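Enquirer: Supplied in C-alpha cells, the structure appears directly below.
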Amino acid sequence: MKKTLILTTALAGFAVSATAEELTVMSWGGAYTKSQVEGYHKPFAEKTGVKVVSVDADNPATPIKAQVEAGNVTIDVASVEFADAIRLCDEGLVVEIDHASLPAAPDGTPATEDFLPGTLTDCLVSTDVFSTVFAYDTEAVGDTAPDSIADFFDLEAYPGKRGMRKTAKVNLEMALMADGVPAAEVYGLLETDEGVDRAFAKLDAIKDQIVWWEAGAQPPQLLADGEVSLSTAYNGRIFNAVIGESQPFDIVWDGQVYEFEGWVIPKGAPNLENALEFVKYSTSTEPLARAAEWISYGPPRQSSGSLVGIYQGDGTTEMGPHLPTTAANLTNALASNFEFWADRETELNERFNAWLAN
Amino acid sequence: MSDAATAPELLTTADGRPLKSALAHAQARNKRRAFYLVLPLLLFVVITFLIPIGQLLTKSVYNTGFYSWKDRDAGVSIPLMVELREWFDETPADAEPDEAAFAALVAGLVHARETKSIGQIGTRINYEVSGSRSMFTKSARKAKDLVPPYKEALLEVDEDWGDPELWGAMRNASKVVTLDFYLSALDRTRNADGDIVKVDEERAVYVLLFKRTLVMSALITFLTFLLGFPVAHLLATLPLRHSNLLMIFVLLPFWTSLLVRTTSWIVLLQSQGVVNDIWVSLGLISDESRLQMIYNQTGTIIAMTHILLPFMVLPLYSVMRPIDPSYVRAARSLGATSWTAFRRIYMPQTIPGIGAGGLLVFILAVGYYITPALVGGSTGQLISNLIAFHMQNSLNWSLAAALASLLLFAVLLLYWLYDRLIGIDNLKLG
C-alpha cells in the first residue's frame with residue numbers, strides 16, 4: 001500500500017525517466033488483442049514512454065502458473081478469465097491489487113463504486129464483459145431464423161453440424177437452458193447429479209453433429225467454410241466477422257452466458273511498478289471505453305458505458321446494440337458462476353472428457 | 001590362437017608392469033580426451049532434458065499441496081495443517097474423526113487463511129473430492145470465529161465435513177509421497193475405506209485412451225509401412241538421377257511445417273472441402289451425403305499417416321540402397337518364384353530398416369498431440385491431448401505427470417520387447 005502511494009506520486013517523473021523501459025502484456029490474440037493495443041497499449045506508451053510489448057497465448061493463465069512456479073517470470077500483466085483469476089489468486093500466484101489505488105471516474109465516483117458489482121476481486125481488475133452466444137449462418141438456416149437457445153439443439157428445425165467449445169463450461173449451462181430451465185436455476189440444478197445427467201442427455205442428442213472448437217478464432221472460420229451451420233462463439237469474434245468481414249452471420253442472444261475477464265499481475269513480474277501503472281491506466285474510464293470501440297465486449301465501469309461510441313473498424317456502426325450488457329440482450333442471460341466452476345470444473349471436465357471419448 | 005589360453009604366465013612390458021594395466025593406462029588418457037569432447041553435449045542433455053523430465057516425473061508421486069506452502073514474497077516454505085497431520089499419524093487409517101481431529105482441522109484452517117494458502121489446500125483435496133475446494137475457502141473464512149466443540153461448529157458451517165470420503169482424501173493428501181495420481185491415471189480411486197476401486201463408468205476415460213493411443217499408433221505404423229515400403233524400394237532401385245528427384249518429393253513435406261500440413265488436410269477433407277467437392281461433382285456421392293472424413297478417427301489416421309510417412313521411408317531407403325540386386329537374381333535363377341525370392345531373400349535384408357522405421361513412427365505417434373487436437377474431433381483424441389488438458393486447463397500437473405510417465409513406461413516396455421524379439425543392434429536408422 002505504502003509502496004503504491006509512493007509510486008503514484010512518482011508517476012509524474014515517469015515520462016522523462018522511463019524512455020527505455022518495457023512492459024510485457026499477455027493476451028488472447030486476434031481482434032481481442034488488437035482492441036487492447038488500440039485502447040490501452042498505444043496511449044499508455046505515449047503517456048509514459050514505457051514500451052508495451054504484446055504477446056499472445058491460448059489461455060494466459062497457463063503460462064503464469066508455469067512461470068511463477070519455475071521462478072522465471074517474463075510477463076508483467078496478463079489477461080485472464082474470471083474463474084482462472086480466482087484460482088490463481090487463491091494459489092498465491094498473482095499479486096493483490098489495492099482497489100483504492102484505481103483511478104476514480106471523471107465525475108469523482110470512486111473506482112469501487114464505479115465498477116460493476118463483482119468485477120473487482122483481490123487480484124483481478126476487470127477490463128471487459130464477454131459473452132458466449134450462438135451464431136448462425138443466415139444463408140444456411142432456411143426461412144425461419146433461430147431465435148432461442150432451444151433452436152440450437154433442435155436438429156429437426158435446423159439440421160446441420162454445430163460448433164461447440166471443447167469444454168464442459170458454458171455447454172452444460174446452455175444445454176439446461178435449452179431444456180427449459182430458467183437461467184436463475186441453472187447452477188442450482190447443476191449442483192445435483194440429476195441436473196448434470198440432464199445436461200449431458202441434452203448434449204447427447206446432438207453429439208454426433210458437433211464439431212468441437214478450441215480457439216476463439218475457429219467458430220467464425222467454421223461458419224464461413226460451411227463446415228457448421230450454427231456455432232457457439234464469443235460474441236466479439238462474430239461481431240468482427242459480421243461487421244469487419246461482411247460475413248452473413250447473426251447472433252442469437254437468448255441463452256447467452258457472460259463472464260468477466262481482466263488483468264492480473266504474476267508474482268515476480270519483472271516490471272511490477274510499471275505493471276501496476278498500466279493496470280491503473282488501462283482500467284480508467286476513458287481507455288475502457290476506447291477498447292470497447294474495437295471489439296464488442298462491454299466495459300465493466302459504469303462511467304465508461306455512455307462513452308462507447310462508434311466501431312473504430314468501419315467508423316459507422318453503433319457499438320451499443322452489440323454489447324452483451326445491453327438491456328435488450330440480457331432478457332434470458334446467465335452470468336457465469338465462477339465459484340461453481342472453480343469447485344466443479346475438475347469433476348465435470350473429467351466426465352465431459354469421458355463422455356467425449358466414448 | 002590356442003596359445004593364449006594355454007599360456008598362464010603374465011605378459012609384461014619392458015619396465016616390468018603387466019601389459020594389461022599398462023595398456024589400460026595408455027588408453028585412459030585417450031578415453032578421457034574423448035569424454036571431454038562429449039562433455040558439453042552430455043551436460044546439455046542432462047540440464048535441458050533429464051533434469052526437467054525427472055522433475056516433472058517426481059510431481060506424479062510428490063505433491064505438497066496439503067503439506068507445505070511456499071511464501072513467494074518471503075521465499076520460505078511454511079508447513080501446513082501441522083496439527084491435523086499429527087492426528088493422522090497417531091491414529092489408524094480407519095479412525096473416526098473425533099473432537100481432537102476437528103480442533104486440529106480448525107487450527108489448520110485458521111493458519112491457512114492467515115498465510116493465504118487455503119486455495120492451494122482446497123485445490124489439492126478437490127482433485128480427490130469434487131466440490132471440496134469452496135468448502136475449504138468458505139470454512140476458512142469463518143474458522144477464526146468458531147468456538148468449541150469444533151465438531152459441531154464445523155458441521156454447522158457445512159455438513160459435508162462429516163463425509164468419511166473427505167477425511168480419507170485428507171489423510172492421503174497429508175503424505176507428500178503418494179501413488180494416488182497413478183490410480184487416477186488408471187481410472188481407479190480409493191473409497192471411504194481406503195480400498196482401491198474403479199471410478200464410475202461415466203468418468204473412466206484414461207484406460208480407454210491409452211488403449212486407443214496404442215491401437216491407433218500401431219495402425220498408423222502399419223499404414224506407413226504399407227505405403228512407405230514400395231516407395232522406398234522404388235527410390236532404392238531407380239538410377240540415382242531419378243531417385244534424387246523422387247527423394248525431394250519425400251523430403252519436401254518433411255521440411256514443411258507440421259501445422260501447415262495438418263491444416264491442409266482440414267482444407268482437403270472437411271465436408272465442404274476439396275475431396276468431397278470433387279466426389280460430388282463427379283456424381284459419386286450426393287450433396288446431402290458428403291462424407292465426414294475429418295474431426296474424427298479417420299481424419300487423425302489419415303493426417304498422421306501422411307505426416308509420419310518420411311520417418312518410415314528414410315530408414316527403409318537407407319537399408320534397401322546397399323542391398324545387392326544379384327541376390328534376388330540368384331534366387332530367381334535357382335528356381336524361386338518372384339514372391340518367394342522377395343519373401344525369403346529381399347525382405348529379411350530390410351528388417352533393420354523396418355524395425356527402425358516402425359519404432360520411430362510408433363514412438364512419435366504415441367506422443368502426437370497437435371494433429372489429433374486439430375483434426376481428431378471427439379473420437380480421434382489421444383492420451384497426449386488429455387495430458388495437455390491437465391497441463392494447460394485443469395492445472396493438475398501431478399495427474400499430467402502420472403499420465404505422461406505411464407506413457408513413457410509403456411514405450412520403454414515396447415522398446416525392451418523389441419530388443420528381446422528382434423535385437424536393438426539390429427536397428428538401422430540410416
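Enquirer: Only residues that are hydroxyl-bearing (Ser, Thr, Tyr), surrounded by 17 or more Cβ atoms within 10 Å (Cβ to Cβ) and in contact (Cβ under 8 Å) with a residue 40 or more places away in the chain: list them for the range B:113-145, please.
Expert: Within the range B:113-145, B:SER117, B:THR123, B:TYR127 qualify.
Enquirer: Would the range A:281-294 turn up any residue that is away from chain B (no Cβ under 14 Å), buried (at least 22 other Cβ atoms within 10 Å of the Cβ), under 28 Å from A:VAL50 (Cβ atoms) and over 20 Å from the mean Cα position of the chain (by Cα)?
Expert: No, that holds for no residue.
So that you can scan it fast, the table gives a plain yes or no per residue for (1) at pLDDT 85 or above; (2) in the same structural domain as B:ASP98 (by TED's automatic domain parsing):
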| residue | (1), (2) |
| --- | --- |
| B:TYR127 | yes, yes |
| B:ARG133 | no, yes |
| B:THR137 | no, yes |
| B:ASP145 | yes, yes |
| B:LEU155 | yes, yes |
| B:PHE181 | yes, no |
| B:LEU186 | yes, no |
| B:ARG190 | no, no |
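Enquirer: Another question, if that's okay. Being more than 14 Å from every other protein chain (Cβ to nearest Cβ), farther than 30 Å from B:LEU399 by Cα and either in contact with a Phe, Trp or Tyr (Cβ under 9 Å, 6 or more places away or on another chain) or aliphatic (A, V, I, L, M) (or both) is the requirement here; does B:LEU214 meet it?
Expert: no
Enquirer: Additional query: Only one of B:VAL260, B:VAL274 is within 14 Å of chain A (Cβ to nearest Cβ) and either modelled with pLDDT of 90 or more or touching a strand residue (DSSP E or B) at 6+ places or on another chain (Cβ under 8 Å) (or both); which?
Expert: None of the other options fit; the residue is B:VAL274.
Enquirer: For the range B:262-378, list the helices (runs of 4 or more DSSP H) that sit wholly inside it and hold at least 3 residues that are in contact (Cβ under 8 Å) with a residue 40 or more places away in the chain and surrounded by fewer than 22 Cβ atoms within 10 Å (Cβ to Cβ); which are they?
Expert: B:297-320, B:347-366
Enquirer: With respect to the numbered conditions (1) modelled with pLDDT of 90 or more; (2) more than 14 Å from chain A (Cβ to nearest Cβ), which one is the sole condition not fulfilled by B:ILE285?
Expert: The one condition B:ILE285 does not meet is (1).
Enquirer: For the range A:314-330, name all the residues that are within 20 Å of the chain's Cα centre (by Cα) and either among the polar types (S, T, N, Q) or not in a helix (DSSP H, G or I) (or both).
Expert: A:MET319, A:LEU323, A:PRO324, A:THR325, A:THR326, A:ASN329
Enquirer: Still on this model: Restricting to the range B:189-206, what's the tally of residues that are outside any strand (DSSP E or B), more than 10 Å from chain A (Cβ to nearest Cβ) and touching a Lys or Arg at 6+ places or on another chain (Cβ under 9 Å)? Break it down stepwise before answering.
Expert: So the first thing to find is which residues in the range B:189-206 are outside any strand (DSSP E or B), and the list is B:191-195, B:199-206.
If we keep only those that are more than 10 Å from chain A (Cβ to nearest Cβ) as well, we get B:191-195.
When the remaining residues are screened for being touching a Lys or Arg at 6+ places or on another chain (Cβ under 9 Å), the result is B:194.
Within the range B:189-206, residues that are outside any strand (DSSP E or B), more than 10 Å from chain A (Cβ to nearest Cβ) and touching a Lys or Arg at 6+ places or on another chain (Cβ under 9 Å) number 1.
Enquirer: Determine which member of the set A:GLY305, A:GLY298, A:GLY313 is under 22 Å from A:GLU46 (Cβ atoms) and either among the small types (Gly, Ala, Ser) or within 14 Å of chain B (Cβ to nearest Cβ) (or both).
Expert: A:GLY313
Enquirer: Just checking, does the range A:200-209 include any residue being modelled with pLDDT of 95 or more and of a type in the set (Phe, Trp, Tyr)?
Expert: yes
Enquirer: Filtering the range B:53-82 down to residues that are surrounded by 12 or more Cβ atoms within 10 Å (Cβ to Cβ) and assigned to a helix (DSSP H, G or I), which residue is farthest from the other protein chains (Cβ to nearest Cβ)?
Expert: Out of the qualifying residues, it is B:VAL82.
To keep it simple, each residue is scored yes or no on (1) of a type in the set (D, E, K, R); (2) assigned to a helix (DSSP H, G or I).
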residue	(1), (2)
A:ALA269	no, no
A:ASN274	no, yes
A:ALA289	no, yes
A:GLU345	yes, yes
A:LEU356	no, yes
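Enquirer: Looking for something closer than 27 Å to A:ALA335 by Cα, assigned to a loop (DSSP other than H, G, I, E, B), among the β-branched types (Val, Ile, Thr) and in contact with an Asp or Glu (Cβ under 9 Å, 6 or more places away or on another chain) - is there at least one such residue anywhere in the range A:97-110?
Expert: yes
The values are calculated or read from the model by the stated rules, or taken from the named source; none is laboratory data. Fair warning: this is a prediction, and the values are worked out from it, not measured in the lab. Methodologically, a virtual Cβ is constructed for each residue, glycine included, from the backbone with ideal geometry; neighbour enumeration extends over all protein chains shown.
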